[in-house]
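A single structure is presented below for examination.
Nothing in this text is a laboratory measurement; each read-out follows from the coordinates by a stated rule. Predicted model only: the values in this text are computed from it and were never measured. So basically every Cβ, Gly included, is an ideal-geometry build from the backbone, and we count neighbours across all protein chains shown.
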Amino acid sequence: RKRLAALAASMAVLLVLAGCTPGKGGGAGGAGPSGLGESADQIIKARGLTPDDVTAALKTYVPSGKYDEFVMFSSGGHSGQVLVIGVPSMRILKIIGVFTPEPWQGWGYSDETREILKQGSIDGKEITWADTHHPALSETNGEYDGQWLFINDKSGGRVAVIDLRDFETKQIVKNPLFINDHGSTFVTPNTEYVIEGSQYSVPLGWEYAPLEQYKEKYRGLLTLYKFDREKGRIDLEKSFSIELPPYWQDLADAGKGESEGWLFLNSLNAEMATGSGVQGQPFFEAGTAGRDMDYLHIVNWKKAEELVRAGKFETIKGMRVIRLDTAAKEGVLFLAPEPKSPHGVDVAPRGDYIVVSGKLDPHVTIYSFKKIQENIAKGNFDRDEFGVPVLKFQDVMEAQVELGLGPLHTQFDDKGYAYTSLFLDSAVARWTLGPPYNNEGGWKLVGKIPVHYNVGHIAMPEGDTAKPAGKYLVSLNKWSIDRFLNVGPLLPQNFQLIDVSQPGDKMQLLYDMPIGMAEPHYAQIIRADRLKAWEVYPEVGWNPGTQSKDPNAVEPGKERVERHGNEVHVYMTAIRSHYTPEKVQVKKGDKVIWHITNIERARDATHGFALPGYNIQLSLEPGETQTFSFVADRSGTFTYYCTEFCSALHLEMAGYFLVEP
Ligand code: K7E
Ligand code: RUQ
Ligand code: CUA
């Protein structure tokens, strides 16, 4: 509160100085209560700042040693990583190695992290990149709980699990039934399941089938991965999938509150165009935009759980699958028409409304969960050619709001507003939800703010949960064109921070943040006080893979090198500013299994470990134990050294690795 008061006071002064409060006689030399007056005025003039610039600066500046109120977890797009960013300062706090090796964190160089990356192999091939789209924070009662983060790989149909105690990836799961995904990841309100929906239909298991057999063999799929909080892992044996018609499934969201127990998933290409239908014509012209309506998929996952318990599934490639005809017959799957080429589907905070954006329709369409239920109960539906019940658009639609061109994704605040990105307009629209969020009508466009440029997702603090926090909006813009200094033909994307704390059409653009890393798609923003990460590992000798003490942890005084036949085991410690031992000698052809424990307890006393020539780079955080192994197949003299400047004697933190011919 004190900080806020101080901010308000200095803001008032600066506003006066910047000449935006007429009649107050500011100007050069007019010192306010903060005593900042004159110098601030000089800075404002020298830098040519406008009053809006000055307020924006005051709203985003976080002084040295002070912390941000929110933390944004952003997908790193096709870098395969996750970015952690403070809001409102927009300072990058961390880049988490997920699907792609990341040398700073030693991600992909130790045995444990290599093993996790290998879990993501496809048909035995190690994949070293991913196209991450949608991070999902774990939830309890529909609110973020700050414990876990999940993220998908659209390109490979994979899902990763990140533990927010140490911000490290713990698991990668490859879906055995489809080769790509998109409605992923999303969680059910108590993180019972992590959801992954397919995108481009393929035969299950991506087996070969000619495109002529599209309708018979090609399918969509929705996978519900059971998340075991105790173990912190997805349990594949308790997971299951639901087979879907071969419409191209798109984004998904989980019901909450009133609609808890349901999932919503939209689709494009209800035409089932295959690219071969009209010779030489791309999908877009030949097919996918040919019909006026695609389908919102409405899935009762609690019912699906019952069917699985009752044994009404088939096991395909190790995955339990509720087949399409069962899902259609037994009340698991329903469809509702949605305006053409829909993209985002977002469930309102109470779970009562489902907002769908059609890229080629200037409206957002709002479905009422209550109406969906009533019409399902009455049996008021037709069926599609796969036998899936299709509800009638007019019966389940609650409202349509005209917002502008290219609506994509929607978020919510704490004041009854919804916000939707407009890709073609390069703008974000604010509109009112209907009752009970807003009892003066609702369903009205309130205002728009232009963004630079081509916005995809937007992210708001807890803006997709049961309790949105409002205040800020980050617009994740795909193009930045002229916003930044020229860095060549590949331009960074632009995260724009917008203040949405004022009502009506008042929204203020505060800050441009270039994202020098792939296309991020989606981000989630959590209240910083919900995160309870460790400052150092709980015990010396900690293995982050098991989150427990490692049996190979090395205690000071017990460092050693042991030979067993042609296997050499190294037990090493690291502390400022030396490794023990400082010499390791093996014979060419030996298998080397090397354990290092950082025995530091001081916060931030991280040591690195580089072994050039053998492609080893570790990050050993205080207390951490890591193991790496390799065959010493090149004789010679190698130096190992610490890659973190840890003390004045950091350069002396080194040793010799000798491989005798
Ligand atoms: Cu709109 Cu993959 Cu969420 Cu990109 S998707 S924007
Ligand atoms: S050394 S402080 Cu290369 Cu200057 Cu790092
Ligand atoms: Cu340890 Cu530098």
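Enumerate the lysines that Lys215 could reach by cross-link, defined here as Cα to Cα under 20 Å, with residues fewer than 8 away along the same chain left out.
Filter leaves Lys329.
Tell me, how many Å apart are the Cα centres for the stretch 458-514 and for the stretch 98-139?
28 Å
Near Lys217, which aspartates and glutamates are there with a Cα under 19 Å away, not counting those fewer than 8 places off in the same chain?
Asp181, Glu207, Glu243, Glu271, Glu314, Asp325, Asp384, Glu385
Now a separate question. Treating only the Cβ atoms of Lys and Arg (+1) and Asp and Glu (-1) as charged, compute the dipole magnitude of the chain about its Cα centre; round to the nearest 20 debye.
Magnitude of the dipole: close to 740 debye.
Compute the distribution of all C-alpha to C-alpha distances in the stretch 479-552, in bins of 5 Å from 0, and list the percent of pairs in each, rounded to whole numbers.
Taking every Cα pair in the stretch 479-552, the percentages come to 3, 11, 12, 12, 12, 13, 10, 10, 8, 6, 2, 0, 0.
Tell me the Kirkwood hydrodynamic radius of the stretch 70-530 in angstroms, computed as one over the mean inverse distance between distinct C-alpha pairs. Present the calculation step by step, with values, prior to reporting the outcome.
On the way: mean 1/r = 0.0454 Å⁻¹.
Radius from the Kirkwood sum: 22.0 Å.
Then there is this: Using Cα centres only, tell me the gap between the stretch 302-355 and the stretch 32-91 in whole Å.
One Cα centre to the other: 44 Å.
List the residues whose amide H sits under 5 Å from the amide H of Asp294, counting only those 5 or more places along or on another chain, with H placed 1.01 Å from N in the peptide plane.
The list, which skips near neighbours in sequence, is Glu338, Lys340, Ser341.
Moving on. For the stretch 314-320, in order, what is each residue's ³J(HN,Hα) by Karplus, 6.51 cos²θ - 1.76 cosθ + 1.60 with θ = phi - 60°, in whole Hz (x at glycine and Pro)?
10, 9, 10, 6, x, 10, 6
Compute the semi-axes of the equivalent ellipsoid of the stretch 292-417, taking the square root of 5 times each eigenvalue of the Cα gyration tensor, and list them largest first in whole Å. Let's see the in-between values first.
Values: eigenvalues 161, 51, 44 Å².
They are 28, 16, 15 Å, listed from largest to smallest.
Using the Karplus equation 6.51 cos²θ - 1.76 cosθ + 1.60 (θ = phi - 60°), what ³J(HN,Hα) coupling, rounded to whole Hz, does each residue of the stretch 221-232 give in order, writing x for Gly and Pro?
8, 10, 10, 10, 7, 6, 9, 9, 5, 4, 7, x
Quick one: compute the contact order of the chain, relative version, from alpha carbon pairs under 8 angstrom and 6+ residues apart, as a percent.
Details: 1796 pairs, mean separation 62.5, N = 661.
Relative CO of the chain lands at 9 percent.
Using mean Cβ contacts within 10 Å as the protection proxy, how do 576-583, 235-242 order, highest first? Display every interim value, and only then the final one.
Numbers: 576-583: 16.2, 235-242: 19.0.
The densest-packed peptide leads the list: 235-242, 576-583.
Further question: Hey, which of these cross-link pairs are over 24 Å Cα-Cα: Lys118/Lys478; Lys154/Lys317; Lys154/Lys226?
Working: Lys118/Lys478 31 Å; Lys154/Lys317 20 Å; Lys154/Lys226 20 Å.
Pairs exceeding the cut-off: Lys118/Lys478.
OK, next. Taking amide H positions as placed in the peptide plane 1.01 Å from N, state which residues far from Arg233 in sequence (5 or more) or on other chains have amide H under 5 Å from it.
For Arg233, whose amide H was placed from the backbone, the distant partners under 5 Å are Asp228.
Using alpha carbon coordinates only, what is the Rg to Rh ratio of the stretch 67-139, with Rh defined as the Kirkwood radius? Provide the component values of the computation, followed by the final result.
Numbers: Rg = 13.8 Å, Rh = 13.3 Å.
Ratio of gyration radius to Kirkwood radius: 1.04.
Taking the simple approach of a point 7 Å from Cα along Cα-to-Cβ for both Asp604 and Glu652, what is their distance in nm?
With each label placed 7 Å out from Cα toward Cβ, I get 2.3 nm.
Highest mean first, what order results for 629-639, 353-363 on Cβ atoms within 10 Å?
353-363, 629-639
Also, I was wondering about something else. Read phi for every residue in the stretch 506-513 and hand back ³J(HN,Hα) as whole Hz from Karplus 6.51 cos²θ - 1.76 cosθ + 1.60, θ = phi - 60°, with x for Gly and Pro.
Using θ = phi - 60°, the values come out as 7, 9, 10, 6, 9, 7, 9, 10 Hz.
Grab the stretch 335-407 and count how many Lys pairs have their alpha-carbon atoms under 15 Å apart, sequence gap of 8 or more, or different chains.
On the way: Lys340/Lys359; Lys370/Lys378; Lys370/Lys392; Lys371/Lys392; Lys378/Lys392.
Close lysine pairs found across the stretch 335-407: 5.
When the Cα centres of the stretch 221-246 and the stretch 589-661 are compared, how far apart do they sit, in Å?
First find each Cα centre; the distance between them is then 38 Å.
Given R₀ = 22 Å, what would the calculated FRET efficiency be for Glu207 paired with Arg291, taking r from the Cβ atoms and rounding to 0.05? Could you put the intermediate results ahead of the total?
Values: r = 28 Å, r/R0 = 1.29.
E between Glu207 and Arg291, to the nearest 0.05, is 0.20.
Taking N as the number of residues in the stretch 542-660, what is its Cα Rg relative to 2.2 N^0.38 Å? Write out the running numbers ahead of the final one.
On the way: Rg = 13.5 Å, N = 119, 2.2 N^0.38 = 13.5 Å.
Rg over 2.2 N^0.38 Å, computed on Cα atoms: 1.00.
Check the straight Cα-Cα distances from Lys66 and name the lysines below 23 Å, setting aside those fewer than 8 residues away within the same chain.
Lys2, Lys94, Lys471, Lys532
Quick one: which residues, 5 or more positions from Met517 or on another chain, have an amide H under 5 Å from its amide H? H modelled 1.01 Å from N in the peptide plane, none for Pro or chain starts.
Gln493
Run the helix sum for the chain: -39,500 (n - 2.57) per DSSP H stretch of 4+ residues, divided by residue count, reported at 222 nm to the nearest 500 deg cm²/dmol. Let's see the in-between values first.
Working: 9 runs with 79 residues, N = 661.
Rounded to the nearest 500, it is -3500 deg cm²/dmol.
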